[in-house]
Amino acid sequence: VVYDEPRSSITESFRAIRTNLQFYVKGNDKHTILITSSHTGEGKTFTSMNLAIVFALFGKKTLLMGFDLRRPALYQDFKLNNDAGLSTFLIGRHSLDEVIRQTHIDNLDIITAGPVPPNPSELIASEATDELFAAVKERYDFIIIDTSPIGVVTDASLLMRYADTNLYMVRQNHTSKKIFSTVIEELNKKDLKINILFN
């Protein structure tokens, strides 16, 4: 919507989110943002895509990472195949340059999730993920990580250590208050800082 309808009210909302996130950047040229939610259907992937696009249109070299290895979706929205991606990079089948795809939007690259692996959490916890983030943080100004819902699996909490800012999507009349409070309690125990983004 940010790309197709640049004058719409929702596009202006994403510009406002971008402006607010500038306060977390604190003068740094590079920033990594993780986006998660309690469960599916709360706007996590939609927000990840549009936030990445709004940074790219602002002139920032941006990478969108489809780290929902269990239910890949980003490749469909960008009309890409999903034969190679994060899962195949993490097992050493493809190089980083082989999985980074250019999009039709200036300054925006994407790495799709790749084929669904049998062991997503183990792949994310591997040393290959350390190597991946070390490499992409050298190349890009802004990195947007679209993850699995944190209320369902542990993948997002494993990835939070690579992010400078964690956004937790909450959707009106959809998010379970019980799951939300449980997740917040667990994150507080782990001393993981998050910001709530209300949809």
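The values are calculated or read from the model by the stated rules, or taken from the named source; none is laboratory data. Quick caveat, the model's predicted, so the values are computed rather than measured. Heads up, the Cβs are rebuilt from the backbone with ideal geometry, glycines too, and the neighbour counts pull from every protein chain shown. SASA here: full protein model, heavy atoms, side chains in, ligands and nucleic acids out. Shrake-Rupley method; radii C 1.70, N 1.55, O 1.52, S 1.80 Å.
Residues that are of a type in the set (S, T, N, Q) and open to solvent by 10 Å² or more (accessible area, probe 1.4 Å) do occur in region 63-78, at least one of them. Does at least one position in region 16-37 carry a residue that is β-branched (Val, Ile, Thr) and over 26 Å from Leu132 (Cα atoms)? Yes. If you go through region 39-66 and keep only what is modelled with pLDDT of 90 or more, within 21 Å of Ser157 (Cα to Cα) and either touching a Cys at 6+ places or on another chain (Cβ under 7 Å) or hydroxyl-bearing (Ser, Thr, Tyr) (or both), you end up with Thr45, Thr47, Ser48. With respect to the conditions (1) without any contact (Cβ under 8 Å) to a residue 60 or more places away in the chain; (2) under 15 Å from the mean Cα position of the chain (by Cα), Asn188 lacks only one, and its number is (2).
Just so you know, in region 1-19 the residues that are over 11 Å from Val54 (Cα atoms) and open to solvent by 90 Å² or more (accessible area, probe 1.4 Å) include one that is modelled with the lowest pLDDT, and it is Asp4.
Go through the residues of region 92-111 one by one and say whether even a single one is in contact (Cβ under 8 Å) with a residue 60 or more places away in the chain and within 22 Å of Asn195 (Cα to Cα). No, the conditions are met nowhere in region 92-111. Listed by position, the helices (runs of 4 or more DSSP H) contained in region 5-77 that have at least 1 residues being small (Gly, Ala, Ser) and touching a residue at least 24 places away in the same chain (Cβ under 8 Å) are 44-57. Ile196 falls short on exactly one of the conditions (1) buried (at least 19 other Cβ atoms within 10 Å of the Cβ); (2) not in a loop (DSSP other than H, G, I, E, B), and that condition is (1).
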